[in-house]
Amino acid sequence: MDRAALLVCEPDELTDALEQLHALECVTRSQLLELVRAMRAREDWKIDGASSLGEWVAIRLGIRVSVARDIVRVAAALEQLPKIAAVFATGAMSWDQLRALTYIATPDTDGQWAGDVSTLTVA
């Protein structure tokens, strides 16, 4: 949809489109995390001579090393948080919510946090 078409949409249509696109972005990022987890397990990044998976992701994706390291950290954390990972994969949780949860969730609280996603704030 071009900009001119967006300007004539009803506010609710724009809001719906924004939310749908954001959910799709999260679903896509979930797939990216799965690929990073696979690269981590296989250690294919070493073939390119990178000093770490985070460095390799940064180079491959053209992003800051700090951002890449965070992606790698979250991908690794999700190995122990399958229920949270599943909710994120549906687009029902934002990247910021997911990042925050991976600092505090444990395998024992995985299901509880996954069930509480609708009430979570980033804070």
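The values are calculated or read from the model by the stated rules, or taken from the named source; none is laboratory data. If you're wondering where the values come from, they're calculated on a predicted model, not measured in any experiment. So basically every Cβ, Gly included, is an ideal-geometry build from the backbone, and we count neighbours across all protein chains shown. For the accessible areas, the whole protein counts, side chains as well, though only heavy atoms, and no ligand, DNA or RNA atoms are used. Shrake-Rupley method; radii C 1.70, N 1.55, O 1.52, S 1.80 Å.
Would you mind calculating the relative contact order of the stretch 45-123 from Cα pairs under 8 angstrom and at least 6 residues apart, reporting the percent as a whole number? Let's see the in-between values first.
Details: 63 pairs, mean separation 17.3, N = 79.
Averaging sequence separation for qualifying contacts and normalising by length gives 22 percent for the stretch 45-123.
Quick one: length gained pulling A92 to D116 fully straight, 0.36 nm per residue minus the C-alpha distance?
On the way: separation 24, 0.36 × 24 = 8.64 nm, distance 1.11 nm.
Full extension from A92 to D116 adds 7.5 nm.
Mind giving me the FRET efficiency for T109 and A41? R0 is 25 Å, r the Cβ-Cβ distance, nearest 0.05 is fine. Mind dumping the intermediate values first?
Details: r = 24 Å, r/R0 = 0.98.
In this case the efficiency is close to 0.55.
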> Of the peptides 18-30, 49-61, how do they stack up when ordered by the mean number of other Cβ atoms within 10 Å, highest first?
Replying inline: 49-61, 18-30
> Which of the peptides 76-86, 37-47 is most tightly packed, and how do the rest follow, judged by the mean count of other Cβ atoms within 10 Å per residue?
Replying inline: 76-86, 37-47
> Considering only the other residues whose Cβ falls under 12 Å of the Cβ of A23, what net charge follows from Lys and Arg at +1 and Asp and Glu at -1?
Replying inline: -2
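As an exercise, find the ratio Rg/Rh for the stretch 56-123 from alpha-carbon atoms, using the Kirkwood inverse-distance average for Rh. Before the final figure, lay out the partial values.
Details: Rg = 12.4 Å, Rh = 12.4 Å.
On the Cα set of the stretch 56-123, Rg over Rh gives 1.00.
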>> Ignoring ligands, DNA and RNA, please state the percent of accessible area on the chain from carbon and sulfur, probe 1.4 Å.
In response: 56
> Using modelled backbone amide H atoms (1.01 Å from N, in-plane), which distant-in-sequence or interchain residues come within less than 5 Å of I63's amide H?
Replying inline: none
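Tell me the mean residue ellipticity at 222 nm calculated for the chain from its helices only (DSSP H runs of n ≥ 4, each -39500 (n - 2.57), averaged over every residue, nearest 500).
Working: 7 runs with 84 residues, N = 123.
When only DSSP H runs of four or more count, the value is -21000 deg cm²/dmol.
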> Starting at 0 and stepping by 5 Å, how many percent of the alpha carbon pairs of the chain end up in each bin?
Replying inline: 2, 11, 18, 19, 16, 12, 11, 7, 4, 1, 0
